Structure formats: structure tokens, C-alpha cells
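Novice: Before we start, here is the structure in question, set down as C-alpha cells.
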Amino acid sequence: MEDDSNHFSKPETPNSMKAEAEVEERDPESNSSLSEPLLKRNRTLSSNPLALVGATVSHIESLDYEINENDLFKHDWRSRSKVQVLQYIFLKWTLAFLVGLLTGLIATLINLAIENIAGYKFLAIVGFIKEERYLSGLVFFTGVNFVLTLVAAVLCVCFAPTAAGPGIPEIKAYLNGVDTPDMFGATTLLVKIVGSIGAVSAGLDLGKEGPLVHIGSCIASLLGQGGPDNYRLKWRWLRYFNNDRDRRDIITAGCSSGVCAAFRSPVGGVLFALEEVATWWRSALLWRTFFSTAVVVVVLRAFIEICNSGNCGLFGTGGLIIFDVSEVKVSYQAMDIIPVIIIGIIGGLLGSLYNHLLHKILRLYNLINQKGKLHKLLLALSVSLFTSVCQYCLPFLAQCKACDPSFPEVCPTNDRSGNFKQFNCPDGYYNDLATLLLTTNDDAVRNIFSSNTPSEFQYTSILIFFALYCILGLITFGIAVPSGLFLPIILMGSGYGRLISMLLGSYTNLDQGLYAVLGAASLMAGSMRMTVSVCVIFLELTNNLLLLPITMIVLLIAKTVGDSFNPSIYEIILELKGLPFLDANPEPWMRNLTVGELANAKSPAVTLSGVEKVSRIVDVLKNTTHNAFPIVDQDVLVPGTVVTGATELHGLILRAHLVQALKKKWFLAEKRRTEDWEVQEKFNWVDLSERELKIEQVAVTHDEMEMYMDLHPLTNTTPYTVVESMSVAKAMVLFRQVGLRHMLIVPKYQGAGVPAVVGILTRQDLRAYNILTVFPHLATHKEQQKHK
């Protein structure tokens, strides 16, 4: 993020500048300690931070979600006809429809590809097992998975590092107001699609849910801006959306569509965006996101009908996740609440433990990844080999079980999917561990959620399954492939949920499959700390509304227990990546600090006059990195009075608008205010939406340097201001909820010699880490509050 206002008062020394340059030149993920942040921060209140976006380092800036109410905007708003307003609204709904349509189509493509690739792979394994060519089967299984992982990893490492991982933390940061470069590009989208197919087909312990959220957001961003940067459409109607505010709304719709496509859960998708990723929400956005998810569901349902006729290859009931337990009779007594509470407590404890261990492993992976691209590839391939060997070899440890005629499905089966896989067992017997391991992750969840099968699994098999996926869930996330956290957590949680049910035996009235569902929900709440959206997603997944009361109990208990130990997994990842995310709840000690004290820790704000000399503007732009500058006029006549000599805070002007004015040669030979017609003849609202032009690209002659520019028409005359006595906690809440990039601090007292602007607050100024660096005594006060 640019130091959008002003630098910390301590000047930079040559040694510090050299150190910063060395940090930038090193591998972006380099770090020598497991206890330090992944990226070292400058010890200043406002800084130019680096952050990890995906698997690549980037300079981070804030987004302009605030409406820039300058004279040109007001003129354009007044001159819009009803037809233009209706056109703008219609285009918003059209984009919402296209986001849902394309997300549904791509999700279908991904599911078809995964089911067919994995299906043919497992059919080949069945052939090897039948012929008792066990070693050949192992070589084939690990070889195919190795190649699939290699494709996914090479694409992420070499072509689109931002496609690695789930993408949800970066989306969460973007909707919070942090620009994440190259996160929503066309290359990222393509690599995410192909990489997800490769990684999931390879049997890695990851899901396609996180990548689908990222894919939906990429589609939304590309539609809103008219395509990729190099081939962007210049249609006039698309320029309505060439601003951060509308782009934020459409990416929110894309995020909801991605969750809906992953779980076939339209309401859950909307609630996920509301609860987990979106910082800013309103009723109109709610309707459009719900419309997008409805379109996704219609598309998915249409393709399910087509595939049911056998036109989709090996695509069966697996690809689109839905674990129907509606046929199970849910009846429970008061005593059944006790194991439900226990599952919630275990989910909170295991979820917080998982977050803690994953935090350490991600730091360890950082040390490996700093050695270069080859080491990233080797890490991903090593995890793939370990996963493949475990999935193939561990079923040989399980004892074969005789098929029970009461089983609701065919037993045994040798198909690519099924609940009773024969594997190495004789006819009439099945291998319960192979049923869980030698299948896709979706089918593994479906099998362990299976109801009315109390004697299907052995204790040892479920224990091995749970232990394996705990290990795989820790070591797989963080490698350089597209990955999601939802399914690994569901697999782990369902394992201990079913195990608890088996231990209870006849002491509970609930079905074992329902305990697996509750275990999965508890671990998701314990790790991700989501409640409402997870509850609705699981209800839509299982198609059983009778689960609602006990699911709510489990989720609330698990989240409460988890919150008492550490933050959610996404918050931990945000912190590790260095993304300057503003949390909804300010620290208690922020009540004891005022924004005026923050301003005093910084050098005075750089201000410009309403009619400023060109040379002064060029000098300011070239020698500062500030993104906005207060416009202050002296000796102003106060309207409606005879008072003269007043100081006026006219507003705030953006760097991009100053550069645009220089490019268009908005120069005056004399120092004067311009007329409205002059401005409208030179500029329009489309010109001011361009943000990519740099001052280095603009040429200004020596004679032009002596001319003047009238900045009044380009100035946002309604910036958000706070008085210097306001607490930092209150300012942070306002800054976050309104979606600001700059907040002006005005003096409490007015008088001669008092500056019109005390300072400017930016995102970096309100981050707890930066404040404690400048005010270390607050850290002591923070510790004292903890021990009280």
C-alpha cells in the first residue's frame, strides 16, 4: 500500500534504505525464523508494505471504495436521465446473471474432468488388484498422481503464483479494501481451473471449494472490467463499472457463486459471503448475490439431468457434492445432547490445535520455498508421493468384512465409486478402509456420511482414516497448487464424529452417519469460526432440516471453544501473508489513544492550494508516494458573511486525478478559478476513472512548469473527517465500515495559525501492529489488561 498520507517523522538513513532494497531483492518468501512474520515490516506508522498474494510477493495498496464527489461527478449525476439510471441497474443484474452462469458452467466442467480422470484411474487400479499385480498397481497409482500434481504445481509456480492456495484470504482482504495485484487476472483464472482439476484428481487432501470461490471472483472481476488487461473491451457501458466500489460488489457476487457451485448451496453461498469474506453489505447487494447463486443452481441442476442419462462419461453422483441423509429418522432424547456437546467441545479443541499446527507448518514451508521454484515443485511432489503411497498401501492393513444382506447398496463393488469396495478381499467380502481411501474426496465424505450402516466400518479403519487425514490435512495445505480447506476439514471432522458414535454404541439414538455430519460441522466451526453459513450449508448438503437444532448447538460450542485459543484459520493466513486486514473489533487499548496522537507521530500532511503552480504539483508527485492531498485555500471570504481571511478545507484530491490533469495539459496562464464549462469541455467522468497512469509517463515542459492548475473541480469536496480528539477505536470502526482509503483529521480548536488539517489516517495507521511499534507503552498496557 502506498503511504497514502505522510511518512513517519523519523528520516530514512542510507543503511535503512539499503536494507529495504535487500529485502525486496531476496526471495519474497524468505525468512530465517519460525517465530517472525513471513515478511518483515518497516517499523513506521505508515509504510509501503509487501505482502504475499497467492505465492508471490506484491506491493500492496488500498482501494478507493469512497464515492469521489467532485464537480464532475456531481454534474454527471445530475445530467443522468432515467433511462441511463435504469440502464446502469439493468447492467448490474446482467453481470450478476453472467457471473452465475459462467461460474456454474466452469464448476460443471471441473467436476466432469475430475470425476472422469479419477474414475479411469481407479478402474485401472481395480484391474491391477484383480490380477493381484499389487506392486504394478502402486507404481501406476503413484505415477498418475505424480504427473497430475506436477502439472498443477508447474502451472502455479511458473505461470500464475497467485493461483496457489485457496484464494479466500486474498479475496477477504480485497473486500476489506486491500488491492491484491494479479489476483483476478485471466492467467490466474485459467491456471486455477486446470490446477484444481490436476490437484483434486491426483487424490491430494484438498478440495475444489476454495478454488471455486476464487474462480467465481475472477470471472466477476473480468466481466466487470471488460476482460483481461491486454484485451479489455472499451464499450462505454462497461465503464460504468470501472471503479473499485462496483467491482467490489460484483466480486462479492462471484464469491457467493463459487461457494454455491462447490456445495450446491445457494443460501449458504450468500451467507458465506456475508459472514466470512464481505466487509461491507447492503440489501441491494444481498438480492444480486442471491440471484447469482440461483443461476448457478439452475445450471448445475440442468447438467445433473443431462449426466443422469449417461452422457458424461464416468460422471456419476459424485462430482457435485450432496450428501443426502433425508431418509434417516432423526430422533433424540435429552441424554443425546451430552455427546453432541462433547463433539462441539472436541471440534473447538481440535480446530484450534489444527490452526496452531498449520501456522507452524506454513512457516516451515516458507523456509523451504525461499530456496526457489525447484524446491516448491519438490515439496508438492513429495506430498503427492506420500499421499499416494498411504492411500494405496494402508487398505492392506484392514481386515476384510463379510457383506451383510441388509446393506442398502450392492456389496461388494469394484466400480470407481461405491460404499463397499472389494479391493483385495474375496467374493462376498469388502475392504472398509479402501472404501474411504481409494476414492475421490467427495465419495469418501459420502461414504463416511452413509446412514443406516452401523456395522459398515471397523474401529481401526476409522482410526487410521482419521489419523491419516489429520496428517495429510496439515502437510498438503501450503504446497504450490490450488487448494481448498473445506473438504480436508470435513474429512477429519467426520472421522472423529463417526468414531465417537461407534464408541457410544447403543447408548445413543442418533445414526452414525449423523454423528459424522456433526463432527465435520464442529471442526469447521472450530477452525474457520463460521456458524450461520456452515449451518445452512450442511442443511442444504444433507437435505435434513431435523438436524438444525443439534447442528446449531455443535457450531456454537465449537466456535466458542476455538475462539478462546486462537483466531480463525483465515485470519492466521492473512497475518502470515502480511495483508493489512482491518478487523471488525478494535483492540481495547485503542480507546486510550486519540487520532491526534497518531497524527503527531507523523510528519505534517502535504497540502496543495486550490489553484496551484504546476511545478509544485510535479514536485509533490515525484517526491512523495501519497495517494491523496488535502486542498486548502487561504484568505477565503466566508459565504453569507463579510468575514474574510478564513482558511477553507476545500477537500481531498487523488494522485490519479492530478496525473490525469497533467496529461491533459489542464494549465492556466494566470492564477484563477475556472468556469464549469471549461472543466466539462476538458474532462469527463470516464477520464477520472483511469488509475493506471504514472507521473513518470507524463512530460511537462519548462514553460508549463510556470503555469497554474485549478484543482477545485477535481477535488472531492466531501471527504470523511474526524476531530483530533476522537479515539482510534472509534475511527477504526468508521474507517472499516465505510470502506475508506483516507480519513482527514481536523483540529479541535479553530483560530489563527491553526492548520486546517492535522493529518491523514490510512489503513496502515490503524493497524494494531504498527501502532504498538510507535507506541510501545501500549503493549505493556495490553498485557496488563490480559492478566486482570
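The values are calculated or read from the model by the stated rules, or taken from the named source; none is laboratory data. In this text the structure is predicted, and so the values were computed from the model without any measurement. Here Cβ is always computed from backbone atoms with ideal geometry, including for glycine, and neighbour counts include all displayed protein chains. What goes into the accessible areas is simple: the full protein's heavy atoms, side chains included, and nothing from ligands, DNA or RNA. Shrake-Rupley method; radii C 1.70, N 1.55, O 1.52, S 1.80 Å.
Novice: Just wondering, is there one or more residues in region 183-201 that are closer than 20 Å to Phe477 by Cβ, aliphatic (A, V, I, L, M) and within 14 Å of the chain's Cα centre (by Cα)?
Specialist: Yes, region 183-201 contains at least one residue that is closer than 20 Å to Phe477 by Cβ, aliphatic (A, V, I, L, M) and within 14 Å of the chain's Cα centre (by Cα).
Novice: Now a separate question. Scan Thr279, Thr252, Thr289 and give me the residue that is more than 14 Å from the chain's Cα centre (by Cα) and among the polar types (S, T, N, Q).
Specialist: The unique qualifying residue is Thr289.
Novice: Mind telling me which of the residues Arg301, Arg245 ends up being under 22 Å from the mean Cα position of the chain (by Cα) and open to solvent by 50 Å² or more (accessible area, probe 1.4 Å)?
Specialist: The conditions single out Arg245.
Novice: Of Ser455, Ser506, Ser483, which residue is free of Cβ contacts under 8 Å to residues at least 40 places away in the same chain and either closer than 21 Å to Gly207 by Cα or among the small types (Gly, Ala, Ser) (or both)?
Specialist: Ser506 is the lone residue from the list that is free of Cβ contacts under 8 Å to residues at least 40 places away in the same chain and either closer than 21 Å to Gly207 by Cα or among the small types (Gly, Ala, Ser) (or both).
Novice: What are the residue pairs meeting all of these: first residue in region 79-97, first residue over 15 Å from Ala253 (Cα atoms), second residue modelled with pLDDT under 85, Cβ atoms under 6 Å, and 6 or more apart or on different chains?
Specialist: What qualifies is Tyr88/Tyr240.
Novice: Identify all residues within region 644-673 that are of a type in the set (Val, Ile, Thr) and within 28 Å of Tyr65 (Cα to Cα); write none if there are none.
Specialist: Ile653, Val659
Novice: For region 124-141, does any single residue satisfy the condition of being crowded, with 24+ Cβ neighbours inside 10 Å and at pLDDT 95 or above?
Specialist: no
Novice: Please specify each residue of region 394-413 satisfying the condition of being open to solvent by 50 Å² or more (accessible area, probe 1.4 Å), out of contact with any Phe, Trp or Tyr (no Cβ under 6 Å at 6 or more places or on another chain) and not charged (D, E, K, R).
Specialist: The answer is Phe396, Leu397, Gln399, Pro405, Ser406, Pro408, Val410.
Novice: Shifting gears a bit: Look at Ile479 and say whether it is assigned to a loop (DSSP other than H, G, I, E, B), open to solvent by less than 10 Å² (accessible area, probe 1.4 Å) and assigned by the TED database to the domain that holds Phe457.
Specialist: Yes, satisfied.
Novice: Which ones in region 544-557 are assigned to a helix (DSSP H, G or I) and in contact (Cβ under 8 Å) with a residue 40 or more places away in the chain?
Specialist: Answer for region 544-557, where residues must be assigned to a helix (DSSP H, G or I) and in contact (Cβ under 8 Å) with a residue 40 or more places away in the chain: Leu546, Leu547, Ile550, Ile553, Val554, Leu555, Leu556, Ile557.
Novice: Condition first: in a helix (DSSP H, G or I), touching a residue at least 60 places away in the same chain (Cβ under 8 Å) and of a type outside the set (Asp, Glu). Now tell me which residues in region 270-290 satisfy that.
Specialist: Leu271, Phe272, Leu274, Val277, Arg288, Thr289 - these are the residues of region 270-290 that are in a helix (DSSP H, G or I), touching a residue at least 60 places away in the same chain (Cβ under 8 Å) and of a type outside the set (Asp, Glu).
Novice: Here's another thing I want to ask about it. Checking Ile306 against (1) modelled with pLDDT of 75 or more; (2) part of a loop (DSSP other than H, G, I, E, B): exactly one of these is not met. Which one?
Specialist: Here Ile306 clears every test but (2).
Table: residues versus (1) in a loop (DSSP other than H, G, I, E, B); (2) farther than 20 Å from Tyr496 by Cβ; (3) touching a helix residue (DSSP H, G or I) at 6+ places or on another chain (Cβ under 9 Å).
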site	(1), (2), (3)
Ser406	yes, yes, no
Cys411	yes, yes, no
Asp415	yes, yes, yes
Pro426	yes, yes, no
Asp442	no, no, yes
Thr453	yes, no, yes
Thr460	no, no, yes
